[in-house]
1. If amide hydrogens are placed 1.01 Å from N in the peptide plane, which non-local residues have theirs closer than 5 Å to the one on Arg61?
2. Over what distance in Å are the Cα centres of the range 17-87 and the range 89-106 separated?
3. I need the shape label for the range 10-103. Rule: rounded when a/c is under 1.5, else prolate if a/b > b/c, else oblate, with a, b, c from the alpha carbon gyration tensor.
4. Run the simple label-point estimate for Ile108 and Phe18 please: 7 Å along Cα→C-beta, distance reported in nm.
5. Highest mean first, what order results for 17-30, 82-95, 37-50 on Cβ atoms within 10 Å?
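Only the coordinates and a few stated rules stand behind these numbers; no lab work does. Computed from a prediction, not measured in an experiment: that's the story for all the values here. So basically every Cβ, Gly included, is an ideal-geometry build from the backbone, and we count neighbours across all protein chains shown.
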Amino acid sequence: MQKSFDGLNKMACFISIFSLLKMDVLIIDEISMLSSDMLHTINRIIQYCKGDERVMGGVQRIFSGDFLQLPPIPNILTDDVGEAAILSPHFCNYVPHKVHLHQVSLPIDRNRNPRH
């Protein structure tokens with residue numbers, strides 16, 4: 001099914017395209033909540049707006065997320081089944097370098113008085 005953007009306001013679309021043209025870095029937090037279909041759509045929109053067929057239109061990408069948390073929610077309006085982005089056959093192209101964090105650490109405020 002072909003996705004369309006007919007519902008977007010023309011001015012909002014113009015502002016979005018202008019912003020995409022100036023974008024150097026794309027940061028997506030909670031990438032684990034993004035479906036593979038949505039990630040692919042983002043890629044195609046950026047490629048189209050920048051006129052660049054490289055992955056994400058040549059824009060640097062920083063994604064963060066925990067893929068052991070809840071999966072993306074399916075969207076029946078766009079026929080998106082909610083497959084996790086990490087399961088996309090293109091995921092390795094979108095994220096060529098990965099850093100896996102294995103330890104949870106919390107910041108400690110040394111100026112705060114401990115409870116007695």
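1. When sequence neighbours closer than 5 places are left aside, the close amide H contacts are Leu26.
2. Cα centroid to Cα centroid, the span is 15 Å.
3. Values: a/c = 1.93, a/b = 1.33, b/c = 1.45.
Here the range 10-103 falls in the oblate category.
4. The modelled label-to-label distance comes out at 5.0 nm.
5. Numbers: 17-30: 11.9, 82-95: 15.9, 37-50: 17.7.
The densest-packed peptide leads the list: 37-50, 82-95, 17-30.
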